[in-house]
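One structure is given below, encoded as structure tokens.
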């Protein structure tokens with residue numbers, strides 16, 4: 001192997017910004033860490049800090065009982081792990097895959113791992129690289145509870161909170177996809193808002209404090225809407241979706257008057273109008289979740 005002959009506590013495969021942050025947190029916690037990346041050279045700083053730089057993926061996974069994977073997607077994970085020599089070296093060891101992708105891909109990889117005698121946990125990182133190793137980091141995991149309990153002491157070196165969501169392997173990815181849906185939909189809405197504001201002579205800096213105020217309204221609404229969806233109540237008291245569709249139409253018209261693409265808001269407006277057409281005009285916005293679920 002590399003300069004350390006004894007077994008590492010953990011191996012990290014993938015040294016992009018997040019992978020380097022993960023490896024750095026393990027090192028910072030005093031854990032012997034082996035690192036490997038498909039593109040050579042990214043391990044230099046980590047090796048200077050004491051990491052063992054493996055020459056191959058097979059060498060890297062053979063160095064530790066636990067391998068943490070953080071690559072761009074599951075295509076990249078498959079290209080690394082499903083090589084015959086790597087799979088053979090992983091037999092009897094545990095992989096914690098923190099790569100983001102779909103729940104279906106997580107289940108496929110778990111089936112492959114089980115067929116090759118590899119212990120597999122899936123997971124997701126819900127906070128940016130700057131939080132890794134700090135109390136602000138958030139990790140979610142799914143898969144066999146036995147594997148999670150065994151390796152949690154090492155995983156906790158990454159800082160923050162770690163939540164095991166259940167044994168069904170796709171649950172972490174399902175949470176990740178749903179929460180990223182919230183994030184990117186909101187970010188797209190904010191980018192669109194900045195474009196509309198600029199067209200009306202309002203600068204991004206001028207709008208930002210008020211946009212942050214809108215953001216502070218959302219957390220309690222998320223809880224209320226969740227209760228409505230779970231109970232099937234869809235209460236529209238005080239704010240029926242007929243009111244929502246009116247303001248959406250204003251946004252579309254103002255945007256298009258300036259030649260700004262209003263496709264995202266038109267799509268949202270279309271869903272609300274579909275709900276109204278089905279007789280749900282007096283319901284609250286929570287009804288939209290049920291309308292979107294219909295095939």
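Restricting attention to segment 44-58, the residues that are assigned to a helix (DSSP H, G or I) and either touching a helix residue (DSSP H, G or I) at 6+ places or on another chain (Cβ under 7 Å) or closer than 12 Å to residue 31 by Cβ (or both) add up to 3.
Taken together, 80, 95, 61, 35 contain a single residue that is in contact with a helix residue (DSSP H, G or I) (Cβ under 6 Å, 6 or more places away or on another chain) and without any contact (Cβ under 8 Å) to a residue 40 or more places away in the chain, which is 35. Of the residues 276, 251, the single one that is at pLDDT 90 or above, under 30 Å from residue 200 (Cβ atoms) and within 31 Å of the chain's Cα centre (by Cα) is 251. If you go through segment 79-88 one residue at a time, do you hit one that is part of a strand (DSSP E or B) and under 17 Å from residue 121 (Cβ atoms)? For segment 79-88, residues part of a strand (DSSP E or B) and under 17 Å from residue 121 (Cβ atoms): absent.
Kindly indicate whether any position in segment 126-138 is assigned by TED's automatic domain parsing to the domain that holds residue 16, touching a strand residue (DSSP E or B) at 6+ places or on another chain (Cβ under 6 Å), touching a residue at least 24 places away in the same chain (Cβ under 8 Å) and part of a loop (DSSP other than H, G, I, E, B). Within segment 126-138, one or more residues are assigned by TED's automatic domain parsing to the domain that holds residue 16, touching a strand residue (DSSP E or B) at 6+ places or on another chain (Cβ under 6 Å), touching a residue at least 24 places away in the same chain (Cβ under 8 Å) and part of a loop (DSSP other than H, G, I, E, B).
Taken together, the residues in segment 187-199 that are without any contact (Cβ under 8 Å) to a residue 24 or more places away in the chain and in contact with a helix residue (DSSP H, G or I) (Cβ under 9 Å, 6 or more places away or on another chain) amount to 5. Go through segment 115-171 and count every residue that is within 16 Å of residue 70 (Cα to Cα) and exposed (fewer than 14 other Cβ atoms within 10 Å of the Cβ). The qualifying residues number 2. Scanning segment 156-174 for residues that are touching a residue at least 40 places away in the same chain (Cβ under 8 Å) and either under 24 Å from residue 23 (Cα atoms) or not in a helix (DSSP H, G or I) (or both) yields a total of 7.
Matching residues to (1) modelled with pLDDT under 95; (2) within 25 Å of residue 258 (Cα to Cα); (3) loosely packed, with under 14 Cβ neighbours inside 10 Å:
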site	(1), (2), (3)
193	no, yes, no
210	no, yes, yes
219	no, no, yes
228	yes, no, no
232	yes, no, yes
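Of the residues in segment 15-31, not one is surrounded by 19 or more Cβ atoms within 10 Å (Cβ to Cβ), in a strand (DSSP E or B) and either touching a strand residue (DSSP E or B) at 6+ places or on another chain (Cβ under 6 Å) or modelled with pLDDT under 95 (or both).
The values are calculated or read from the model by the stated rules, or taken from the named source; none is laboratory data. Keep in mind that this is a model prediction, so the values were computed, not measured. Note: ideal-geometry Cβ built from the backbone for every residue, glycine included; neighbour counts use all protein chains shown.
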